[in-house]
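Student: Please read through the structure below; I'll follow up with questions.
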Amino acid sequence: MPRYQEKYQWLNIERKFGPWLDSEEFQMVETIRDYMQHHVKPRVWEFEAAFYGGNIDSAWDALTELNEPLVKMGLQRAGIPECYGGLGLSLPCRLAIAEEMARVDMAFTLLSGKAGWVSGTIFASQNEFLKKMIAEKVCSDDFWVGSVCFTEPQGGVNFEDITLQGRTGRVIASMNGDDYVLNGEKVFPGASGPADFFRRKGLKGHLGYLVVANTEVVPENRNCNTIGLFYVPPDAEGLSFSTPYKKMGVTLDINRGIYFDDVRIPKEYRVGGPGLDAELYYGTILAGCILGGACRLVGLASGLFDKAIENTSVREIEGRPLREYSLWAAIIGEMAEKIITARAAYMYAAYTIQHPEIYGKMWDEDGPRNLCSGVRDVAGQAFRWVSERTMDLCAAYGYTCESGVEKIIRDAQIAIISPGGAQRDKLDMALLYYRRNWIGKAK
Ligand SMILES: Cc1cc2nc3c(=O)[nH]c(=O)nc-3n(C[C@H](O)[C@H](O)[C@H](O)COP(=O)(O)OP(=O)(O)OC[C@H]3O[C@@H](n4cnc5c(N)ncnc54)[C@H](O)[C@@H]3O)c2cc1C
């Protein structure tokens, strides 16, 4: 495979990720970066079929075909420990890979990482039964997708608020003999739907759903011990779905409402157990996704930066490219500042996760999870600033679909709002400095 040639040295993997990766990791990130730039980038429009009223099947054919080499490179098992058949890549390395992938396409990046979201959560638990079951699938050369369900129709953000301890949630998991029985409704889980849809050429199937539910019915009696995390197989009896939502971005992914009508699962499918499930929810599922959002936002901003720098080199005033004028050069310089600062911020959060002896455990009330929210907000603000400037620089060309600028702007919004949102991020950040219990008891 020919190596992707970066025209600008400061975009080289070693310069970008120098302080955080070793030489072996540079190579892994570089290989994936090259693949994304050479093979995926020219075909990103194929992922947009659903947005333009086309056929979602052809979009998924492109996804499965293009993702196959990445699965073979080990991307799907990147975070799983080597003793289970994974690559055991470091957190900074996985974040750098996600950044480089999002620089090319957000939806492709999300879907190729869905199995990692599910397996990463299970591997953060002590549940050997589920670990073995999942490792057998995701550590193979087959492509799998999976799904995580926490948002509920009455409001997503409050159910993600650690200070509310699940009091606003309505999906209930009750113990019945040796089984749990789940009832209620979740909204928006990505890669969701009838199991058959996910058995297709190049895609082995759906791993299943990780579902956050309350084990206590009465909201006032809830606490972190009554938050449960459950593995639900993709074809479990009692599971049904709404039609896919129509969305402004990441249209390759399929989001639906999901209904649990007496869905019965064995007790071994409870992932961590009382207390641990809350840690996995707040610390691994939410914070992991938020940190993933931060690095992807940096990647998306870099994708816009690529376009701005190209466009201002071909657009000229009296034979002189726009970027030669100091007005535009200063804007480009400031774009780069925002991107580099946001990258340093998310890598700092990764460092705090890797050093619990200094910063505490991920899920502590004042632990690194809150910093992850703060750096996602920083990355979101950087993205929004860069996107406005890109529109200024590219003008009408940026407004056209052909430029790809508007697609990146549409796709990026999800990384800012889910999970949580910019306001929630700031509230989490405040938890690093004082105990906040302002919301009081749920009525
Ligand atoms: C494309 C897409 C993919 C998604 N994928 C998944 C998925 O895979 N799994 C899943 O479970 N969910 C998923 N979601 C749902 C997503 O996580 C939620 O939309 C998100 O968490 C925000 O919840 P909400 O939309 O209900 O906003 P709301 O809870 O209605 O919040 C609205 C606004 O108010 C702010 N706000 C709310 N409460 C407070 C407060 N107490 N203090 C300050 N500000 C507050 C929020 O920051 C937000 O800006 C997805 C959503 C989308 C659009």
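Nothing in this text is a laboratory measurement; each read-out follows from the coordinates by a stated rule. Remember, it's a predicted structure, so these values are computed and weren't measured experimentally. Every residue, glycine as well, gets a Cβ built from its backbone with ideal geometry; the counts of neighbours run over all protein chains shown.
Student: Give a quick list of chymotrypsin sites (Phe, Trp or Tyr not before Pro) in the range 324-387 that DSSP marks as loop, anything other than H, G, I, E or B, with at most 14 other Cβ atoms within 10 Å. Mind dumping the intermediate values first?
Tutor: Numbers: sites: TYR325, TRP328, TYR346, TYR348, TYR351, TYR359, TRP363, PHE383, TRP385; in loops: TYR325, TRP363.
Loop-located and lightly packed - TYR325.
Student: Arrange the following residues from fewest to most other Cβ atoms within 10 Å of their Cβ: THR243, THR284, THR168. Present the calculation step by step, with values, prior to reporting the outcome.
Tutor: Numbers: THR243 9, THR284 24, THR168 19.
With the sparsest Cβ surroundings first, the list reads THR243, THR168, THR284.
Student: Taking only Cα atoms of the range 278-430, what ratio of Rg to Rh do you get with Rh as the Kirkwood inverse-distance radius? Intermediate results must be reported in sequence, preceding the final value.
Tutor: On the way: Rg = 17.6 Å, Rh = 16.3 Å.
For the range 278-430, the value is 1.08.
Student: Ranked by Cβ crowding within 10 angstrom, fewest neighbours first, how are ILE309, ILE358 ordered?
Tutor: The order, fewest Cβ neighbours first, is ILE358, ILE309.
Student: In addition: So which chymotrypsin sites (Phe, Trp or Tyr not before Pro) in the range 224-303 are both in a DSSP loop and have at most 15 other Cβ atoms within 10 Å of their Cβ? Write down the numbers at each step before the final one.
Tutor: Working: sites: PHE230, TYR231, PHE241, TYR245, TYR259, PHE260, TYR269, TYR281, TYR282; in loops: TYR245.
Those satisfying the criteria are TYR245.
Student: Filter LYS131/LYS204; LYS131/LYS267; LYS186/LYS407; LYS132/LYS267; LYS114/LYS338 down to the pairs with a C-alpha to C-alpha distance above 23 Å, please. If you can, show how the numbers build up before the last one.
Tutor: Numbers: LYS131/LYS204 18 Å; LYS131/LYS267 15 Å; LYS186/LYS407 28 Å; LYS132/LYS267 16 Å; LYS114/LYS338 28 Å.
Distance filter (> 23 Å) returns LYS186/LYS407; LYS114/LYS338.
Student: I'd like the distance separating the alpha-carbon centroids of the range 230-260 and the range 147-164, in whole Å.
Tutor: Each part's Cα centre sits 16 Å from the other's.
Student: Still on this structure, please answer the following. What do you get for the angle between helix 23-35 and the principal long axis of the chain? Use alpha-carbon atoms, 0 to 90 degrees, nearest ten.
Tutor: 80
Student: Something else now. Just want the ordering: ARG103, ARG389, from fewest to most Cβ atoms lying within 10 Å of their own Cβ.
Tutor: So the residues, fewest neighbours to most, are ARG389, ARG103.
Student: In degrees between 0 and 90, to the nearest 10, how far off the longest principal axis of the chain does helix 405-417 point, with axes built from Cα atoms?
Tutor: Long axis of 405-417 versus the principal axis of the chain: about 30 degrees.
Student: Distance between Cα centroids, the range 309-339 to the range 69-103: provide it in whole Å.
Tutor: Cα centroid of the range 309-339 versus Cα centroid of the range 69-103: 35 Å apart.
Student: Could you tell me the relative contact order of the chain? Use alpha-carbon pairs under 8 Å, at least six residues apart, and round to a whole percent.
Tutor: Numbers: 793 pairs, mean separation 68.1, N = 443.
Contact order relative to length: 15 percent.
Student: With a cut-off of at most 13 other beta carbons within 10 Å, and DSSP calling the residue loop, which trypsin sites (Lys or Arg not before Pro) in the range 1-91 qualify? Please list them. Please report the intermediate quantities before stating the final value.
Tutor: Working: sites: ARG3, LYS7, ARG15, LYS16, ARG33, ARG43, LYS72, ARG77; in loops: ARG3, LYS7.
Sparse-neighbourhood loop trypsin sites (Lys or Arg not before Pro): ARG3, LYS7.
Student: Compute the acute angle (0 to 90°) between the alpha-carbon long axis of helix 287-314 and the principal axis of greatest extent of the alpha-carbon atoms of the chain; round to the nearest 10°.
Tutor: For helix 287-314, the angle is close to 20 degrees.
Student: Suppose we keep just the alpha-carbon trace of the chain; what are its Rg and Dmax in angstrom?
Tutor: Taking only Cα atoms of the chain, I get Rg and Dmax of 21.6, 80 Å.
Student: Right, something else. What per residue convex hull volume, in Å³, comes out for the range 361-420 when only alpha-carbon positions are used?
Tutor: Working: hull volume 4.1 nm³, N = 60.
With only Cα atoms used, the range 361-420 gives 68 Å³ per residue.
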